[in-house]
Amino acid sequence: MRNHGIGSWTARRARKTPHRLAVVHQGTRYTYAQLHDRATRLAHHLRALGVRRGDRVAFLGPNHPAFLETLFAAGQLGAVFVPLNTRLAQPELRHCLTDSGTSLLVHSASFGAFANDSGVGLRVAVDDTYKTALAQAPHDPVDESITLDDLAMIMYTSGTTGRAKGAVLSHGNLTWNSVNTLVDGDFAADEVTLLSAPLFHTAALNMTCMPTFLKGGTLVLEESFSPARTLDLVEEHGVTVMFGVPAMFQQIAAQERFADADLSTVRKMMCGGAPVPPALIHAYEQRDLRFIQGYGMTEASPGVCLLDEDNALAKAGSAGLPHFFNDVRIVDAAGNDTERGELIVEGPTIMSGYWGQPEASEAAVADGWFRTGDVAVADEDGYVTIVDRVKDMIISGGENVYPAEVEKALYEHPAVVDCAVIGVPDQKWGQVGRAVVVLAPEARTTGAEILASLDGRLARYKIPKSVVLTDALPRNGTGKLLKSRIRETHGALNPSGAAS
């Protein structure tokens, strides 16, 4: 087989386990042999429409077998897959399509109006015509030579500030990321993986879906997340692997039937996007379930570090150890090793650069080391803890204040359910911290009382000088706080400058 990229995975799985169940979506079930047949037929259909090696093929829609079929069909042709975030506004989606130079867009029927106005010349709707096209297309093997060094995917960063950039990921990047996940996450061949987080999310696709596929497990695709339905699906399908961000697991634990639901089949709960709060770890431990926490980013395909379930409590708040085939360093601005500094990562999962942005690529990757933009420390065992984003650091009176550290302390207040710390101008200190806080329903407290709870637990210069209470905090599609929007909304000094 000349294709050694991810496009060959369906053929290889069909060769080894043709009758094993590959995908479950609502009432639809495909074996590995059937999924390979469908991906191959789609590859022939896309080629007939004019798609050639190197062309960009985008997918826009909720989790659906067609997402996987498009991914693997593009991989068979040597085309480049571009998964699109359905939560983006239309101008943002057009930016991704234009920036990547997408020549063909596969989309769900719900995005038909946008697709017709997207400017993309070739469009394939996932509807009855899609079914007909696959049924009529050839199913003989696609003859295209592809190596691990060839480009496989352009995955757009979540873009908490500025326009999203397209991380260029090779077939090797994605393959090695799956190998890292199989080694460190210990995936088995009989996994039943529930995917209700969107597949355009790099962790859902590359940390959860692809490793399961590589091992020959079953993928249960859900088009949207419902905490109540999640419990039903676990019982119905015998789910062994779940992925989500902390907020999703919090909603599941808040369900009235959580304490009595049959979760006996669950072996892995993979969580990313933010550290799992200790209270949530304890809630699941009462059900004999432990989290595998991951830290990563799109540019690393995305796995950088993994905190295994055995150390979930002992190393709570840590990002864990580097993945098996990755190496990390903590460096200062000059690139010298230091105890507290920017985390950089090297390994076979690191992107080659950003699509069409050579200057940004050069700034991000030097000598194979990717600059994460995160400030980190490591303990005596090598476990990495992310302290904050370099750009979010507050310099108050010459002292560095890391908002993530302060936010962690704020979360320990029983009335605080969500929070963000930002820097605001101060005549005396240059900058001081401001806490933007969401209170629990029925909570009765004040900003001053919340700040008082930090006294003696944090250095005085780290304690915010004011508090703003709000109903909700803005987050992007992966659950990360949109600090730039929070600064715009809550950064102006109030008249008194005091807690409110």
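The numbers here are math on the coordinates, done by the rules we state, and not lab data. Given the structure is predicted, the values throughout are model-derived calculations rather than measurements. So basically every Cβ, Gly included, is an ideal-geometry build from the backbone, and we count neighbours across all protein chains shown.
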Under 5 Å, built H, 5+ apart or other chain: amide partners of ALA261: none
Alpha-carbon Debye profile of the chain, log10 I(q)/I(0) at 0.10 Å⁻¹: -0.79
In nm, spacing of pseudo-spin labels at VAL417 and ASP337 (7 Å Cα→C-beta vector): 4.6 nm
Amide H partners (placed H, <5 Å) of SER466, local residues excluded: ALA435
Relative contact order [Cα under 8 Å, 6+ residues apart], segment 353-500, whole percent: 17 percent
Segment 225-276 and segment 380-428: distance between their alpha carbon centers, rounded to Å: 29 Å
Relative contact order computed over segment 6-378 (Cα-Cα under 8 Å; 6+ residues apart), in percent: 14 percent
VAL390/ALA459 FRET efficiency (R0 25 Å; Cβ-Cβ; nearest 0.05): 0.80
Cα gyration tensor shape of segment 393-490, rounded if a/c is under 1.5, else prolate or oblate by comparing a/b with b/c: oblate
For the chain, calculated [θ]222 nm from helices alone, where every DSSP H run of n ≥ 4 adds -39500 (n - 2.57): -8000 deg cm²/dmol
Label point distance in nm, ALA314-ASP128, each placed 7 Å from Cα along Cα→Cβ: 6.1 nm
